[in-house]
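Each remark here refers to the structure printed beneath this line.
The values are calculated or read from the model by the stated rules, or taken from the named source; none is laboratory data. The structure presented is a predicted model; accordingly, all values stated were derived computationally and were not measured. So basically every Cβ, Gly included, is an ideal-geometry build from the backbone, and we count neighbours across all protein chains shown. Just the protein is used for accessible areas: all its heavy atoms, side chains included, with ligands, DNA and RNA removed. Shrake-Rupley method; radii C 1.70, N 1.55, O 1.52, S 1.80 Å.
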Amino acid sequence: MFAACLARLERLGEMTGPLAAHMAVHILLMNIVAPLAALGLSRVLQNSRAISGRLLGLATLMQIAGLWAWHAPPFLNRALESSSVHLVMNGSLFLSASLFWWAVLYFRGERSWQPIAALLVTSKLYCLLAVLFVFAPRTLYPDFASSHLGHGVGGPSTGLADQQLAGLIMLIACPVTYVLAGVMIAARWLLSMEKDGDDPGSRSGAEAWT
């Protein structure tokens, strides 16, 4: 099923643009497959030690650094020229995203604001990259656009439109995943606080100290 989805995204690139299809693959890996994999892993390891804030911060930095580094023009052009480098790029982004989502979903403790902050910071920098794609006055990957001249995609205007479409796809995916996940975790945190406040044992313990 996953291979079929990738094949459909490749055909989408023929209709829209290679960069837009490339970004759709990244969103599929980092925002859909990785959270599902992390959710399954968190259920398997539900009795294990809770994630620390330090590991959550490290996972957040890894995902942000990987996203921005691989979309720097020299690295992305190299990845699109070599199938092995392209595989390393997709694999590293998927692994970093899986670690991030695992840390976010499995984080427990009194500092429940930390995964919310990690999601908000990630979404801000994710959307910042998308805004750069949309409002850049020229193509950021001219070598990539020119390499598709013979496939119905190419030229400055077409390459810029493809880049803007890739940015718009990112802007749509950003609130649907990171912001929505932050809202859900915040709601879970508030419900747990309300439940603890209504716990008779916690009230009796508090009254004993007064």
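Are there any pairs with C-beta distances below 8 angstrom linking a residue in region 57-77 that is closer than 15 Å to Ser98 by Cβ and open to solvent by 60 Å² or more (accessible area, probe 1.4 Å) to a residue that is at pLDDT 90 or above and part of a helix (DSSP H, G or I), with the two at least 6 apart or on different chains, and if so which?
Close Cβ pairs (under 8 Å, with a partner that is at pLDDT 90 or above and part of a helix (DSSP H, G or I)) amount to Met62/Ser96; Met62/Leu99; Met62/Phe100.
How about region 85-125: which of its residues are within 18 Å of Leu171 (Cα to Cα), without any contact (Cβ under 8 Å) to a residue 60 or more places away in the chain and crowded, with 18+ Cβ neighbours inside 10 Å?
Scanning region 85-125 gives a single hit, Ser123.
Taking the condition modelled with pLDDT under 85 and out of contact with any Lys or Arg (no Cβ under 9 Å at 6 or more places or on another chain), does Ala59 pass?
Here the answer is no, as Ala59 does not meet what is asked.
Among the candidates Ile32, Ile27, single out the residue that is surrounded by 19 or more Cβ atoms within 10 Å (Cβ to Cβ), within 14 Å of the chain's Cα centre (by Cα), modelled with pLDDT of 90 or more and β-branched (Val, Ile, Thr).
Working: Ile32 fails: surrounded by 19 or more Cβ atoms within 10 Å (Cβ to Cβ).
Of Ile32, Ile27, the one residue that is surrounded by 19 or more Cβ atoms within 10 Å (Cβ to Cβ), within 14 Å of the chain's Cα centre (by Cα), modelled with pLDDT of 90 or more and β-branched (Val, Ile, Thr) is Ile27.
Assess whether Val44 counts as being within 29 Å of Asp143 (Cβ to Cβ) and either aliphatic (A, V, I, L, M) or modelled with pLDDT under 65 (or both).
In short, no.
Can you list the helices (runs of 4 or more DSSP H) found entirely within region 112-183 that contain at least 2 residues being modelled with pLDDT of 90 or more and either small (Gly, Ala, Ser) or under 24 Å from Ala97 (Cα atoms) (or both)? Can you show your working first?
Values: elements: 113-135, 142-146, 156-174.
In region 112-183, the matching helices (runs of 4 or more DSSP H) lie at 113-135, 156-174.
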